[in-house]
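What follows is a set of notes on a single structure, which appears directly below.
Read-outs: derived from the displayed coordinates by stated rules, not from any lab. For clarity, every value in this text was computed on a predicted model and none was experimentally measured.
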Amino acid sequence: MSHHVLLLGGHGLIAQLLTPLLLKRSWTVTSVIRAQDQVPTIEQLGSGLPGKLNVLVSSIEDVVSQDHALKILNDVKPDYIAWSAGAGGKGGPERTFKVDRDAAIHFINAAATIPTITRFLLISYLGSRRAGAPWWPAGEWDEYHEKVNNGVLANYYKAKIAADEVLYNVSKKSSTLVGIDLRPGTLTHDPAGKVILGKTEHLGSKPGVSRESVAQTASALLAAEGVKNTWLDLLDGNDEIETAVKKAVQDGVDAAEGEPFYKA
């Protein structure tokens, strides 16, 4: 079955890796990018591939309400959404909250009002949670949370955890929208490799996980049958990506376990 994916943050590195993977499935991709001068870069991603690629120049930073997000969704008419957007630390805390939190939440809430939109995949990060996962070794979370979430990534953490929780709660209440929160560890430029997906044994690993692996995992999750609302952590591991996705979906793995809002 063919799908139409609205790819938000289409010029990002992971999004550029994801775009041709979706087109190879003969799907339609509408890639949302910030600037006109980015158009040629995105258009060449579809060269020779069977799917249809549309490019929409529209700054996500300007999406300041659910109604604005809804207008974009009604214009594009996707049935799947993939969020790979982010301020990238540019523009200070205000821009981080405007993009990574507010715009993401506007799109999530808008998507939930359209029954024909059935999947929303949001790329977050593994440390975006309120409490340490109960399966991680004692002490790992406290050190990471203090150093990263309350330190170098403090504003990014606040923005991402807010969006992650909204996606989980909104999709849980919805009878039509499945929310998939893909949560990679530290990103690398290495080629795609084997992964662990779902509940990782540790909070992090060195070197982390490649962007190419993230893109391939996102593509496989969007195509997977029977996927439910879930948080899925992702690191380099021992499973082929297709195998890891199939296993996580079949087992109903949810890394949100241990969070204050989580209910089995």
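Between the amide H of residue 7 and those of 30, 31, 32, 82, distances stay under 5 Å, these residues lying 5 or more places away or on another chain, with hydrogens modeled in the peptide plane.
State the dimensionless ratio Rg/Rh of segment 95-214 (Rg: radius of gyration of Cα atoms; Rh: Kirkwood radius). Let's see the in-between values first.
Working: Rg = 15.2 Å, Rh = 15.4 Å.
Across segment 95-214, the Cα-based Rg/Rh ratio is 0.98.
For the chain, the longest principal axis of the C-alpha atoms and the axis of helix 13-23 are separated by about 60°.
Taking a 26 Å limit on the Cα-Cα distance, which of the listed pairs 71/247; 158/199; 173/199; 98/199 fall beyond it? Distance filter (> 26 Å) returns 71/247; 98/199.
Computed over segment 151-250, the range of Cα coordinates on each principal axis works out to 37, 37, 21 Å, biggest value leading.
Could you work out Rg/(2.2 N^0.38 Å) for segment 49-154, with Rg from alpha carbons only? All intermediate terms of the calculation are to be shown ahead of the outcome.
Working: Rg = 16.9 Å, N = 106, 2.2 N^0.38 = 12.9 Å.
Against the empirical 2.2 N^0.38 Å value, I get 1.30 for segment 49-154.
With only Cα atoms counted, the chain has Rg and Dmax values of 17.1, 50 Å. Note on residue 52: aspartates and glutamates with a C-alpha under 15 Å away, same-chain residues under 8 apart excluded, are 43, 79.
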